[in-house]
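Below is one structure; the comments refer to it alone.
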Amino acid sequence: MGARAASPRLTPCGGFAVPHPLYSPVRRDSPLGCLGRALLASSLLLGLALPRPAPAQSGSAQSATSRAAARATTAQPTPSGRLLDPGPAAELALPRVLASSDLALLSRACLQAARADQGPALRALRLHLLAVKPAPQPLAVVLANAEALVNCRAPEDALNVLNRYGPAPGRERRLWFLAQWRAAEAGLNHRVAARALLGLAEGRLANLDGLPLTLQLRRDGSRVSRPALDVLADHLVVLGEDQQAAAALLAARQQGQLGAERLQRAVALLVALPLQQRNQLLETALDQAAAAGAWGLAAELLRDQRALLQAAGAQVDRPSERFLRLSRRIDDAYGEWQLGREAGARQDSLGLARQQQLEQQLRSPRQGGGHAAPLP
């Protein structure tokens, strides 16, 4: 398998069963922890002030409506006795739906209209959802209302509905921030999405590492998810807050291949960091990739390291030697050929012969001498 081009993006890398004598161990007093703390201390708040939701409803008002909340968010049987499905059905006829205050029914109707791209129906449903449950409502009703509006392709309206409620600390606040993130994500409102995730972090970005966020729900019911920490970094990159995105990635506890990928991405974002510290982060990433047997990622990290040192005018002999040894072990003919091409005339006769052998191996099958070339 050939080595991939160096890239700051997070991409899955395959593993290879190769021994592990390639990388010098990283010392325990690595500056990674100090660096992450320094970045966090200077940039965690970002100027992204946490949202100020409406004042929380009184305890008596919430307790008086808690039972109604549970009823409002429970999918109710339709008049025909069948539970709704997202496909066409008589009970999802628009006039009947618009006469209902059942949020589950309205949400299903929104999904059906969105899948069919029925603009007029979506607009009518959106207006009905904005008025059907006026404030004050318990949190469960507010969340269900916002979810239905997201399904109706009205994420900004969903944010407005959420702002009608002031969540109490604890579980309520976490549920509220998750709903706010989902609405902001659907509307590509990266600033509000980042604020919501920072609220979920509760002052410790590492808290987001074990929180999976659903980015897509497939038709078969399966989910596409990513850790909230990586999603936060994505939002911050879009906002141009590269240093804060790197701080989030460095706050992660995960090691192994995922940890190495995050370090690789952080190095690509921290362009203002001194060369020595960026290089140390890459060494840490190499150690983690090697420990996980992620040799494709290790080759990519060595390419990044060579490019980093070359751009700074530093010596690249050591990463070049390590890359060459790894390329031969994982049968990366293209990577080895590229390194030999850079060496050029400096190679000895054995090196030039090896370069010709690699060129023959990499020849297009349709070129002269290739296995798919037409016969004379």
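Key figures
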read-out	value
Count of the range 260-284 residues which are outside any helix (DSSP H, G or I) and over 24 Å from the mean Cα position of the chain (by Cα)	1
Condition met for residue 234 (free of Cβ contacts under 8 Å to residues at least 24 places away in the same chain, among the acidic types (Asp, Glu) and part of a helix (DSSP H, G or I))	yes
Considering residues of the range 285-302 that are surrounded by fewer than 22 Cβ atoms within 10 Å (Cβ to Cβ) and outside any helix (DSSP H, G or I) only, the residue nearest to the chain's Cα centre (by Cα)	292
Test result for residue 139, in contact (Cβ under 8 Å) with a residue 40 or more places away in the chain and either among the polar types (S, T, N, Q) or open to solvent by 10 Å² or more (accessible area, probe 1.4 Å) (or both)	yes
Conditions (1) open to solvent by less than 60 Å² (accessible area, probe 1.4 Å); (2) free of Cβ contacts under 8 Å to residues at least 60 places away in the same chain; (3) at negative phi; number of the one not met by residue 160	(1)
Extreme residue, surrounded by the most Cβ atoms within 10 Å (Cβ to Cβ), among residues of the range 166-180 that are out of contact with any Gly (no Cβ under 9 Å at 6 or more places or on another chain) and closer than 22 Å to residue 153 by Cβ	179
Checklist (1) assigned to a loop (DSSP other than H, G, I, E, B); (2) over 29 Å from residue 93 (Cβ atoms); (3) not hydrophobic (A, V, I, L, M, F, W, C) applied to residue 117, failing item	(2)
Search result, residues across the range 120-132 that are in contact with a helix residue (DSSP H, G or I) (Cβ under 7 Å, 6 or more places away or on another chain) and open to solvent by 40 Å² or more (accessible area, probe 1.4 Å)	126, 128, 130
Some residue of the range 249-257 being open to solvent by less than 10 Å² (accessible area, probe 1.4 Å), out of contact with any Cys (no Cβ under 9 Å at 6 or more places or on another chain) and either more than 17 Å from residue 207 (Cα to Cα) or small (Gly, Ala, Ser) (or both)	no
Residue check for residue 245: among the aliphatic types (A, V, I, L, M) and open to solvent by 10 Å² or more (accessible area, probe 1.4 Å)	no
Filter result (exposed (fewer than 12 other Cβ atoms within 10 Å of the Cβ) and among the polar types (S, T, N, Q)) within the range 215-227	216, 222
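The values are calculated or read from the model by the stated rules, or taken from the named source; none is laboratory data. As the structure is a computational prediction, the values presented were derived from the model and not from experiment. Cβ: placed from backbone, ideal geometry, glycine included. Neighbour counts: every protein chain shown. When the accessible area is computed, the model is the full protein with side chains, heavy atoms only, and any ligands, DNA or RNA have been set aside. Shrake-Rupley method; radii C 1.70, N 1.55, O 1.52, S 1.80 Å.
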